[in-house]
Amino acid sequence: MRLFIAFLFLLSFIFLGLTPTSGQDSLRTVELKQVIIREGRATKPQISLSAGNSLDQALESNGAVQLQRKGVFGADPVINGLSGHRISMSLDGIRVFGACADRMDPMTNYLGMASVAGMEVMEGMGSALEGNNIGGHINFSVFNLADLPRSWSGNVGLLAQSNGFGGAMNMALAYKGERWGFRYTAEAQSADSYRFGGGERVDFSYYRKMNHHLALEKNMGNHHFRLNMLWDKAHDIGYPALPMDTGFSEAYIFWLTHHFVFSDNISVENKLYHSQIYHEMSDEERIDKLVDMDMPNWSRSSGGYSRWKYHQGRLATEVKGEYYQYYSFSEMKMYPEDFIASYMQTLPEVKRSVFALSAVLDYRLGLNYWLVLNGRGEFLVDELLDERGIAQWRVLGYDLSSPRNFEVYNANVRIGRRIGEASTIDFGLAFGKRASSLSELYAYYLFNTFDGYDYRGNPDLEGESAIQWQLNYQYQQGSHSVSLDIFSHYFFNFIMGEVDPALIRMTPEANGVKAFGDEQAAIISGLNFQYIYEKDSWNFSLPIHYQLGQRANGEPLPLMLPLSVRPKIQKQRQNWSFEMEYEAALGQFRISKSFGEQSTKAYHLVHLGLQWEKANWKIKGQIQNVMDQAYRTHLDWGGILRPGRNFVLGLSYGF
């Protein structure tokens with residue numbers, strides 16, 4: 001398996017060596033003529049980071065994405081009601097896995113605003129090139145030097161906020177020459193605990209973080225190389241919805257990209273990457289604890305892929321061969337006041353190796369119809385590496401000393417039609433299976449504060465299978481555009497924790513023990529609607545979202561978004577721009593009692609923004625939650641309220 005990706009790279013370079021070069025030497029990214037590969041549905045444009053002051057705000061500006069929060073930092077993205085292991089994320093196409101077995105550190109924790117150029121959101125199983133994920137995929141792109149002016153450029157920015165007395169500083173410096181170039185970014189963020197609407201402080205909602213990213217590019221004729229190196233370090237990250245915080249975390253991520261265009265019809269992209277992450281959970285600052293506890297976590301991933309694109313006439317296709325492996329390990333150390341310290345592996349030391357082959361085919365059936373087919377197959381091997389972790393599972397009757405193999409796949413077909421000059425409609429149908437996550441298989445007594453149960457994995461899980469359909473309508477005429485997306489996911493075996501009365505809790509305050517099971521079916525349906533009006537200096541948008549989820553036994557699925565709206569109006573005049581946004585959601589009373597959900601009240605918020613820009617200077621001011629409302633969304637854990645009124649001021653200078 002490990003040799004396969006090396007073979008792909010060797011094969012690519014052999015072909016490249018036989019291909020005549022143009023002799024040109026300039027720092028540029030050579031691409032095919034514009035070709036749209038529709039992965040599941042019509043491809044959305046990348047989300048601009050100008051949508052907010054953070055990655056979280058930029059993500060929420062996309063209609064299909066919401067955020068699941070355990071605190072102000074480290075939100076987990078949700079795509080059309082699906083989150084966690086049912087969706088995947090990548091950085092510039094590479095796979096980075098958080099270290100915490102309890103998902104306190106999604107990949108977004110280790111990214112910086114200064115280094116990320118945009119985001120692409122792919123819904124459902126249509127993102128076959130990116131993984132066997134049932135819910136969808138988010139890719140964070142980095143800056144490309146080809147988009148920068150020649151010679152030197154850069155910027156410096158400062159940001160301050162009143163709620164939590166937070167601040168951020170960032171800088172970027174880039175050079176673009178004839179044959180090479182670089183871009184370096186650095187940023188630091190910090191904030192104290194914020195106050196929710198009405199004035200009370202939310203304890204343990206502080207954070208401290210810094211991020212560095214260096215990109216080097218070199219052009220050698222038709223061969224274009226780019227090396228990226230990222231270092232992220234954080235400490236004192238509070239999670240008010242959890243019994244522990246992040247005392248310290250650190251990530252190193254490296255990736256090398258090679259790009260080559262054979263002709264106007266064929267191109268190839270090759271990548272090699274490696275990342276390693278350390279994440280330490282600590283309850284050092286907590287007072288109401290029964291016992292002192294530390295939970296260090298480690299993650300490493302290495303891999304590569306070769307991605308080939310071909311375009312001829314009405315046909316466009318991509319083929320991708322990929323191999324990667326990742327290592328994960330979590331342990332818990334408890335220090336009782338009057339007893340000997342104890343030790344347990346909450347996720348035994350485990351390595352997962354994945355070989356994958358995927359393809360997308362886009363064919364135009366005349367002027368008004370198109371057909372898209374995509375699919376992916378994966379072969380996985382899990383190996384538990386530490387005898388102590390293997391021994392833990394022997395206590396429960398499992399022998400995990402030998403490697404375990406899994407196979408998963410998905411397939412998607414989509415057909416679309418243009419209706420007149422202004423409208424398009426397309427329908428997609430997909431079937432697939434995802435592999436159970438390492439936590440779902442091997443987690444050992446992880447305490448879940450949401451429902452108050454200890455969770456253990458289930459090595460008997462064979463993965464989660466689902467069938468999906470999605471109907472999309474789009475209309476654009478003059479200054480008006482409308483999009484309506486209706487979707488439904490039917491799970492044959494929805495993986496969820498089920499109470500196991502035969503097991504004894506490990507956590508003193510736990511209600512009992514749950515083991516992951518997949519015996520029940522479930523269905524999630526919903527819609528995303530958006531209206532946009534753009535004319536001259538005016539811009540108005542009205543997004544509406546709704547989700548409904550239910551298990552086969554009739555109980556509602558947890559963490560389903562109620563009807564929500566977020567209209568925004570923007571006006572530009574000379575160097576000034578103004579925006580006003582209204583955010584509202586109905587209450588959610590269809591709750592999962594077995595998951596410990598609480599009902600959520602309706603809320604109404606108003607946000608204001610004003611920006612002045614001239615020459616190289618930009619000043620931006622915001623008032624978030626103008627009416628200082630006390631509120632939370634239904635996706636937020638533990639009943640923790642979100643920040644109240646917040647004044648934000650930003651200043652930047654670029655050259």
Legend entry - Ordering of 600-607, 557-564, 99-106 by packing [mean C-beta count within 10 Å, highest first]: 99-106, 557-564, 600-607
Inset, instruction - Scan region 503-551 for GluC sites (Glu not before Pro) in coil per DSSP, keeping those whose Cβ has at most 12 other Cβ atoms within 10 Å, and list them by number. - result: GLU509
Legend entry - Length-normalised contact order for region 292-341 - Cα pairs under 8 Å, 6+ apart - percent: 48
Legend entry - Antiparallel DSSP beta bridges within the chain, percent to nearest 5: 95
Inset, instruction - Can you check how the C-alpha radius of gyration of the chain compares to 2.2 N^0.38 Å, as a plain ratio? - result: 0.96
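Under 15 Å from the Cβ of GLY198, count the other residues' Cβ atoms, weight Lys and Arg +1, Asp and Glu -1, and hand me the total. Don't skip to the answer; put the middle values down first.
Working: positive: ARG195, ARG201, LYS601, ARG632, ARG642, ARG645; negative: GLU200, ASP628.
Result for the neighbourhood of GLY198: +4.
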Inset, instruction - Whole Å is fine, so just give me how far the alpha carbon centre of region 482-526 lies from that of region 202-272. - result: 32
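Averaged across orientations, what area in nm² does the convex hull of the alpha carbons in region 89-187 project? Could you put the intermediate results ahead of the total?
Numbers: hull surface 35.6 nm².
If I average the Cα hull's projected area over directions, I get 8.9 nm².
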Legend entry - Mean accessible surface per residue for region 81-238, computed with a 1.4 Å probe while every protein chain stays in place, in Å²: 34
Legend entry - Stokes-Einstein D for region 163-250, Kirkwood Rh over Cα pairs, 20 °C, 1.002 mPa s (µm²/s): 137
Inset, instruction - Could you bin all the Cα-Cα distances of region 292-369 into 5 Å bins starting at 0 and give me the percent of pairs in each, rounded to whole numbers? - result: 3, 12, 14, 10, 10, 8, 8, 7, 7, 6, 5, 4, 3, 2, 1, 0
Inset, instruction - Mind jotting down the distance between the C-alpha centroids of region 459-473 and region 599-655, whole Å? - result: 35
Legend entry - Span from the region 174-197 Cα centroid across to the region 536-574 one, whole angstrom: 30
Inset, instruction - For region 361-484, report the accessible area per residue in Å² (1.4 Å probe, heavy atoms, rounded to an integer). - result: 44
Inset, instruction - Tally up the carbon and sulfur contribution to the accessible surface of region 90-229 as a whole percent, 1.4 Å probe, everything protein left in place. - result: 58
Inset, instruction - With the Cα gyration tensor of region 120-177 in hand, convert its eigenvalues to equivalent ellipsoid semi-axes via √(5λ) and list them largest first in whole Å. - result: 32, 24, 6
Inset, instruction - Quick one: plug the Kirkwood hydrodynamic radius of region 406-457 (C-alpha pairs) into Stokes-Einstein at 37 °C, 0.692 mPa s, and report D in µm²/s. - result: 218
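Got a number for carbon plus sulfur as a percent of region 357-512's accessible area, 1.4 Å probe? The partial results should precede the final answer.
Values: 4050 of 7090 Å².
Solvent-exposed carbon and sulfur of region 357-512 make up 57 percent of the total.
Two decimals is fine: what's Rg over Rh for region 525-655, C-alpha atoms, Kirkwood radius as Rh? Can you show the working numbers first?
Values: Rg = 18.7 Å, Rh = 17.1 Å.
Rounded to two decimals, Rg over Rh is 1.09.
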Inset, instruction - Sorted from largest down, give the three principal axis spans of the alpha carbons of region 386-496, whole angstrom values. - result: 66, 32, 23
Inset, instruction - Note down the relative contact order for region 446-586 as a percent, whole number, built from C-alpha pairs under 8 angstrom at least six residues apart. - result: 19
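At 1.4 Å probe size, with the rest of the protein present, what percent of the exposed accessible area of region 599-639 is carbon and sulfur atoms? Could you put the intermediate results ahead of the total?
Details: 1170 of 2060 Å².
Carbon with sulfur: 57 percent of the solvent-accessible area.
Rounded to the nearest whole Å², what accessible area per residue is found for region 294-342 with the 1.4 Å probe? Walk me through the numbers on the way to the answer.
Values: 2290 Å² over 49 residues.
About 47 Å² of surface per residue is accessible.
The values are calculated or read from the model by the stated rules, or taken from the named source; none is laboratory data. Quick caveat, the model's predicted, so the values are computed rather than measured. A quick note on method: Cβ atoms are made from the backbone with ideal geometry, for glycine too, and the neighbour counts reach across all protein chains shown. Side chains included, ligands, DNA and RNA excluded: accessible areas come from the protein's heavy atoms. Shrake-Rupley method; radii C 1.70, N 1.55, O 1.52, S 1.80 Å.
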